[in-house]
Structure formats: structure tokens, C-alpha cells
Amino acid sequence: MPRSSAARLFQMASLVVAAACAPTTTGRDSGPAACEFPALGQDVAARYAEGVAADYARVLTLAQAMKTAVDGFVAAPSANGLEAARTAWLTARLAYGETEVFRFYGGPIDDETSGVEGQVNAWPMDEAYVDYVEGSATAGIINDANNQITGASLLALNEQGGEENVATGWHAIEFLLWGQDQSAVGPGARPFTDYVTAAGGTATNADRRRQYLGVVTEQLIVDLTALRDAWAPGAAYRTSFLADSKVAVGRMLRGMGALGGAELAGERMSVAYEEKEQEDEHSCFSDNTHNDIISNARGIQNVWLGRYSDGTSGVGLKALVSARNEALANRLDGEIAASMTAVNVIPPPFDQAILGEDSATGRTSIRAAIEALRTQTDTLVEAATAVCIQLSVEVE
């Protein structure tokens with residue numbers, strides 16, 4: 001099943017924006033004529049656009065710091081240099097996770113014709129498509145001299161012949177930094193000597209491996225720059241997004257519902273929970289999946305509260321819903337907070353938490369988080385109705 005294409009995500013999470021009848025603050029249906037989208041929605045949408053721009057700018061800054069670390073490591077491979085690059089990846093990745101709520105409505109990240117999501121965050125990854133794996137020392141693009149290693153060639157090779165043939169993005173970089181995860185208690189342990197050409201090197205084609213790591217990191221910077229620029233003040237997409245505040249708020253709700261109810265609770269957690277397969281976790285090489293989940297959930301909460309990385313005050317969806325139905329807004333606020341608590345207690349590493357009997361601590365915590373996210377999503381549908389927006393979420 002595809003896990004990175006926008007088309008699949010729209011099928012899995014069908015969220016429709018349409019006229020809906022808004023309950024009064026007493027909770028009684030006052031009829032279609034009474035359903036008027038709140039004027040506050042314009043401020044909420046404007047705050048969201050500011051926040052998206054700030055969050056993508058933060059991710060880009062952190063990714064550029066990662067590139068600096070990667071460039072230093074590639075120039076002179078060492079254990080300390082590899083560790084610095086890994087640390088920078090983890091930091092940038094955490095910030096990126098909070099931006100995934102800005103997806104699922106055909107924006108710059110996942111527009112069906114020009115979106116970059118598939119080359120930024122495609123998963124799961126068949127690591128043998130890129131480099132050697134246990135039992136196959138010559139596997140991958142790196143070990144095939146017929147493949148050029150340029151930004152354009154890697155983009156052309158990304159998902160060529162299959163959706164798990166991931167050649168670019170966060171997870172390709174992750175694999176190059178950590179290697180396969182063969183440990184039950186920790187992440188992959190690729191040695192820095194895989195990048196050493198001279199005596200002491202531990203893998204063939206170290207020069208191509210260094211080149212690949214540098215190029216794939218640079219391509220991520222290019223893609224993240226495009227996202228930042230698309231949401232910058234005065235940019236064409238941001239202007240069009242704000243042209244109709246009701247449609248904009250519908251998209252905000254769509255992103256929250258699709259990420260929380262379909263993608264996070266469904267694809268990223270339930271599949272791994274049911275299958276008990278390490279390959280089904282999101283960041284399987286670095287054992288960072290628990291942080292992926294936390295940052296995704298935090299991104300949802302940020303949109304709800306109007307809280308973004310720029311640190312300025314503003315109104316979020318909570319204020320909009322509260323103006324129509326304060327009790328409903330408070331209920332959803334509590335459920336989102338409960339989801340945050342639930343995802344924070346999933347014990348790392350995630351690939352071990354999914355194992356064992358259903359009564360095991362890891363599995364019960366994952367199940368509780370899944371249920372909390374689904375409850376939150378159900379209430380989100382009610383909240384959308386309260387502000388005259390019809391939102392339907394179909395979860396696998």
C-alpha cells in the first residue's frame with residue numbers, strides 16, 4: 001500500500017469541506033439559515049499562515065545546520081563527525097514532524113503535480129535500493145557505477161519501480177547515517193569507516209557514499225526551501241490560501257483530521273501494532289519513531305491552539321470553536337492534551353514496544369495512544385460542524 005503519495009492519502013482520509021449547520025452555544029440545532037461561518041475565522045487562517053511560514057523556516061534552518069555537519073563529516077570522516085551529523089538529523093527531524101499537520105489538502109507539500117512530500121518523507125524504505133545491506137555487499141545505487149549521483153538523477157530514481165525504492169529525503173539520509181538497525185536495544189550502528197577510502201575503510205565505494213550523502217542532503221535543503229518560500233508573506237500560494245477564510249479553515253481541519261486519525265493512528269501506529277514488524281515503523285534506522293509520533297501529535301495541538309515556532313500570540317481553532325460551543329471546544333482541548341500524554345508514554349524504541357503480548361506495557365501504551373487519537377478525531381468532526389464546516393474522516 002502506498003505510504004507517500006498524496007493520492008492515497010486523500011483516499012484514506014476523505015475530508016470534505018461544505019456548508020454545515022452550526023449548533024448554537026446551547027448545543028441546539030438552529031437550522032441552516034443560522035449557519036454563518038464566524039468572522040474570527042479570518043484571523044485564525046491568517047495566524048495559521050504565519051505559523052506555517054515560521055515552522056518551515058525553522059525546519060530549514062535546522063536542516064542547514066545538519067548539512068553543515070554532513071559536509072564536515074564527508075570532508076573528513078570520523079566517529080565524532082558522524083555523531084554530530086546524526087545529532088543534527090535528530091534535531092531537524094523533530095521540528096519537521098510538527099509540520100506534517102500542514103499536509104493532506106493539496107498544499108505546496110503534497111500538491112498532486114508539484115508537491116515534494118514524496119521526495120522529502122517517503123517511507124518505508126528498501127535500504128538495499130540505496131546501499132549495501134547484510135548479505136548483499138554490492139547492493140544499491142551507491143554500488144552501481146552506472147548510476148550517476150546528482151540531485152536530478154536521485155530525484156529520477158526516487159520510487160522508480162516501486163514505492164519502497166526511496167532514494168531521497170529524510171529516511172535516505174537516516175539510513176546513510178545509521179545503517180540497518182540490527183539491534184534490539186538501539187539504532188543502527190553504521191561505522192564512520194564506511195566513508196573512508198584509504199586503509200581502514202569498511203565498505204567499497206566510500207567515495208560514492210560520501211557523494212551520495214552530500215547530494216541527498218543538499219536536495220532536502222532545496223525542497224525545504226521551496227516549502228518555506230511558498231508560505232512566505234506575499235507568496236502566491238499563501239495569498240490564494242487566505243483568499244477564502246472558510247476554505248482555509250477547512251483545510252486546517254483536514255490536516256489535523258487526516259494526520260491524527262488516518263495517518264498517525266492508522267498507518268504509522270496501527271499497522272506496526274498489528275504486524276509487529278520493524279520495517280513498519282517510521283524512522284526505523286535511528287530508532288526515532290517515538291519522537292516522530294510525539295512531534296506529529298504536537299503539530300496537531302499547535303494548530304488547535306494557534307501556537308507556532310515564531311513565539312508570537314495569535315488565535316487558533318480552539319478560539320474559533322469556543323466562540324460557537326465552549327463546552328465542545330473544552331472537550332476537544334482535553335482530548336488533544338490526553339493524546340499528547342498518551343504518545344509521550346510510549347516506551348522507546350518503538351520497534352520493541354510493538355512486540356510481545358497485547359498486555360505488554362509497550363503494546364498497551366501504543367493501543368491507548370491510537371484510541372486517544374481516534375477519539376480526538378471524532379470530536380474534531382463535531383467541532384468542524386460547529387463552525388459550519390463538514391468534515392468526514394475515514395480511518396482504515
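Since every read-out is calculated from the coordinates, none of them should be taken as a lab result. On a predicted model such as this, the values are computed, not experimentally measured, just so you know. Note that we place each Cβ from the backbone using ideal geometry, even for glycine, and neighbour counts take in every protein chain shown.
Scalar couplings 3J(HN,Hα) for the range 163-178, obtained by applying the Karplus form with A = 6.51, B = -1.76, C = 1.60 to θ = phi - 60°, are 5, 8, 7, 7, 10, 10, x, 3, 7, 5, 5, 4, 4, 5, 7, 10 Hz; x denotes Gly and Pro.
Other residues whose C-beta falls under 15 angstrom from the C-beta of Arg47 contribute a net charge of 0, scoring Lys and Arg +1 and Asp and Glu -1. Residue order for Leu227, Leu60, Leu373, fewest other beta carbons within 10 angstrom first, comes to Leu60, Leu227, Leu373.
Across the options Leu264, Ile221, Gly186, the greatest Cα extent toward the positive end of the charge dipole of the chain (unit charges at beta carbon of Lys, Arg, Asp, Glu) belongs to Ile221.
Working from Cα pairs under 8 Å separated by at least six residues, relative contact order for the range 8-386 is 23 percent. Rounded to the nearest whole Hz, the Karplus-based 3J(HN,Hα) values (6.51 cos²θ - 1.76 cosθ + 1.60, θ = phi - 60°) of the range 213-221 follow the sequence 4, x, 5, 5, 5, 4, 5, 4, 4, with x at glycine and proline. For Ile389, nonlocal amide neighbours, meaning residues 5 or more places apart or on other chains whose placed amide H falls under 5 Å from its own, are Ala20. Among the GluC sites (Glu not before Pro) in the range 75-170, those placed in a DSSP loop whose Cβ has at most 15 other Cβ atoms within 10 Å are Glu112, Glu134.
Across all C-alpha atoms in the range 260-391, the radius of gyration and Dmax reach 15.8, 46 Å. When the Cα positions of Phe102, Thr197, Pro347 are compared along the charge dipole of the chain, Phe102 comes out farthest toward the positive end, with charges on each C-beta of Lys, Arg, Asp and Glu. Listed by chain and number, the lysines whose C-alpha is less than 27 Å from the C-alpha of Lys246, apart from same-chain residues fewer than 8 away, are Lys318. For the range 8-386, the Cβ-based charge dipole about the Cα centre amounts to some 1140 debye (Lys, Arg positive; Asp, Glu negative; other atoms uncharged). Restricting the trypsin sites (Lys or Arg not before Pro) of the range 211-318 to loop positions (DSSP other than H, G, I, E, B) with no more than 13 neighbouring Cβ atoms within 10 Å leaves Lys276. Computed over the range 8-386, the percent of Cα pairs more than 35 Å apart is 28.
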